[in-house]
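The values are calculated or read from the model by the stated rules, or taken from the named source; none is laboratory data. Treat the numbers as computed from the prediction; the structure is a model and nothing was measured. Note that each Cβ is placed from the backbone with ideal geometry, even for glycine, and that neighbours are counted across all protein chains shown.
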Amino acid sequence: MLSFQDARTKVIEACRSLRRVPPVETIELKNAVGRVLAQEIPADREYPPFDRAARDGFAVRSADCQKAGATLRVIGEVAAGADFRRRVGAGECVQIMTGAAVPEGADAVVMVEQTRTEGGDRQTVVIERVADAGMNFTPRGSEARKGDVLLSPSVRIGEAEIAVLAQAGCTHFDVYRKARVAILSTGSELVEIGARPREFQIRNSNGASLAAQVELVGGEGVSLANAPDSENELRRSIVKGLREDILIISGGVSAGKYDLVEPVLRDLEAEILFDVVDIRPGRPAVFAICQGKPVFGLPGNPASTMVTFELFVTPAVDVLGGAEPRALPLLKAKLASAVEQRAALAHFLPARLEWPEGEPTVTTLPWQGSGDIATVARGNCFLVVPQTKLKLAAGEWVDVLPRQGIL
């Protein structure tokens, strides 16, 4: 059996070996959050385009302020966006606001809190500290020169990237098409979520939750509904799913009589790269390459499906969507009470991460196993109990896996 870290690495390596440049489409800036950039974004001018004041205060010549207490004549005021053309000469200064252009001749900005006026005289100001050249302003072109690459292809666009695109005047630009992820549930016990299930039937919650996870990590979900426990029906659905970039199958991956996913994949000449991982929930997880497409067989219990998606499917969506695989977002927190597991596996336990008194603290939630969706929904993360240390003491710093989009 593989550790979840080794299994994740195997997924990334296999998907990289399959990667083709995804199709490109042009979008508007307002639709760019979460997309993957497909072009370079150059600086259209120097940034900042002028020497930019970093504080409210007075623009001065440092040569005039080599001793505290220098008295300077105020020759004007410059606000952000204002055009101030006068040069600052010896013994002079200009009142300046944050973001404004530092006038020619000045080489430092002294914060207003470090100055004073005397007798209500607004024509002069006393500088109460020594001013060093370059103090409290950002020099022209120090962030980027015209033509410098601000953003590169394969960057996932978040709020900072949106700001860069807007600063560079990019109203439209190219991104990679989202990875298309076919979602197939299996099991004759499943009915659609709008149906009234009979006594021994359940609604297909996995199809809905997987579609949500695909969207949260930047993919495009393609629902294949549900395949009953029939090899022929399952084969037809799998072949249909292989038209997309990635296929996810939930359920049917264990060793029971009606667990048909692996036999059907083998009939389709799939290469099974792993079919079990040292984790709970999610131990019987399948990863295969079939007809040049990555296929994930995830356990049918909802918590198992959610955990194995985050561990293994997320990096595949990244790579096949033109991005680099994101790191597993493990956080550190103090454990509220002791935890002990028996099985020699890495455990992912529903938990809640909070910040009482400013310190991250994680508390496990009592649950009924990997079918207990309600408890997972009450938490915002999973506590990771490592395979090598199944006993964790209260107050110990531990790893926490956030729920995507919740924490």
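The table below gives the values:
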read-out	value
Residue selected from the stretch 337-380 under the condition under 21 Å from Pro284 (Cβ atoms) and of a type in the set (D, E, K, R), by the criterion surrounded by the fewest Cβ atoms within 10 Å (Cβ to Cβ)	Arg342
Test for Val125: is it assigned to a strand (DSSP E or B), closer than 19 Å to Ala108 by Cβ and of a type outside the set (D, E, K, R)	yes
Ala179, sole failed condition from (1) buried (at least 22 other Cβ atoms within 10 Å of the Cβ); (2) under 17 Å from Gly297 (Cβ atoms); (3) of a type outside the set (Lys, Arg)	(2)
Some residue of the stretch 111-118 being assigned to a helix (DSSP H, G or I) and β-branched (Val, Ile, Thr)	yes
Residue ID - farthest from the chain's Cα centre (by Cα), chosen from residues in the stretch 75-92 that are hydrophobic (A, V, I, L, M, F, W, C) and surrounded by fewer than 17 Cβ atoms within 10 Å (Cβ to Cβ)	Ala90
Criterion: of a type in the set (Val, Ile, Thr), more than 40 Å from the chain's Cα centre (by Cα) and farther than 26 Å from Gly169 by Cβ - qualifying residue of Val112, Val130	Val130
Filter pass, Ala80 being without any contact (Cβ under 8 Å) to a residue 60 or more places away in the chain and of a type in the set (A, V, I, L, M, F, W, C)	yes
Gln368 being part of a loop (DSSP other than H, G, I, E, B) and under 17 Å from Thr308 (Cα atoms)	no
Leu72 hydrophobic (A, V, I, L, M, F, W, C), at negative phi and either assigned by TED's automatic domain parsing to the domain that holds Ile279 or within 34 Å of the chain's Cα centre (by Cα) (or both)	no
Val307 vs. criteria closer than 23 Å to Val36 by Cα and in contact with a Gly (Cβ under 6 Å, 6 or more places away or on another chain)	no
Residue check, Arg129 touching a strand residue (DSSP E or B) at 6+ places or on another chain (Cβ under 9 Å), surrounded by 12 or more Cβ atoms within 10 Å (Cβ to Cβ), charged (D, E, K, R) and not assigned by TED's automatic domain parsing to the domain that holds Ile41	yes
Options Gly322, Gly297, Gly241, Gly252: the member that is at pLDDT below 95 and among the small types (Gly, Ala, Ser)	Gly252
Scan of the stretch 105-126 for residues that are modelled with pLDDT under 95 and either at positive phi or crowded, with 17+ Cβ neighbours inside 10 Å (or both), ordered by number	Gly119, Gly120
Search result, residues across the stretch 13-33 that are exposed (fewer than 15 other Cβ atoms within 10 Å of the Cβ), part of a loop (DSSP other than H, G, I, E, B) and not aliphatic (A, V, I, L, M)	Arg19, Arg20, Pro23
Search result, residues across the stretch 65-110 that are aliphatic (A, V, I, L, M), part of a loop (DSSP other than H, G, I, E, B) and over 19 Å from Phe50 (Cα atoms)	Ala68, Ala90
Scan of the stretch 156-176 for residues that are of a type in the set (Ser, Thr, Tyr) and surrounded by fewer than 20 Cβ atoms within 10 Å (Cβ to Cβ), ordered by number	Thr171
Residues of the stretch 128-146 satisfying the condition of being part of a loop (DSSP other than H, G, I, E, B) and within 30 Å of Ile41 (Cβ to Cβ)	Gly134, Asn136, Pro139, Arg140, Gly141, Ser142, Glu143, Arg145, Lys146
Number of positions in the stretch 93-104 that are surrounded by fewer than 21 Cβ atoms within 10 Å (Cβ to Cβ) and either in contact with an Asp or Glu (Cβ under 8 Å, 6 or more places away or on another chain) or not assigned by TED's automatic domain parsing to the domain that holds Gly134 (or both)	3
Residue match in the stretch 309-332 (condition: crowded, with 21+ Cβ neighbours inside 10 Å and either touching a His at 6+ places or on another chain (Cβ under 9 Å) or assigned to a strand (DSSP E or B) (or both))	no
Total residues in the stretch 192-214, condition of a type outside the set (Phe, Trp, Tyr), over 17 Å from Thr308 (Cβ atoms) and free of Cβ contacts under 8 Å to residues at least 24 places away in the same chain	11
Top-ranked residue of the stretch 45-64 - restricted to ones that are in contact with a helix residue (DSSP H, G or I) (Cβ under 9 Å, 6 or more places away or on another chain) and either touching a residue at least 60 places away in the same chain (Cβ under 8 Å) or within 27 Å of Gly219 (Cα to Cα) (or both), ranked as surrounded by the fewest Cβ atoms within 10 Å (Cβ to Cβ)	Arg55
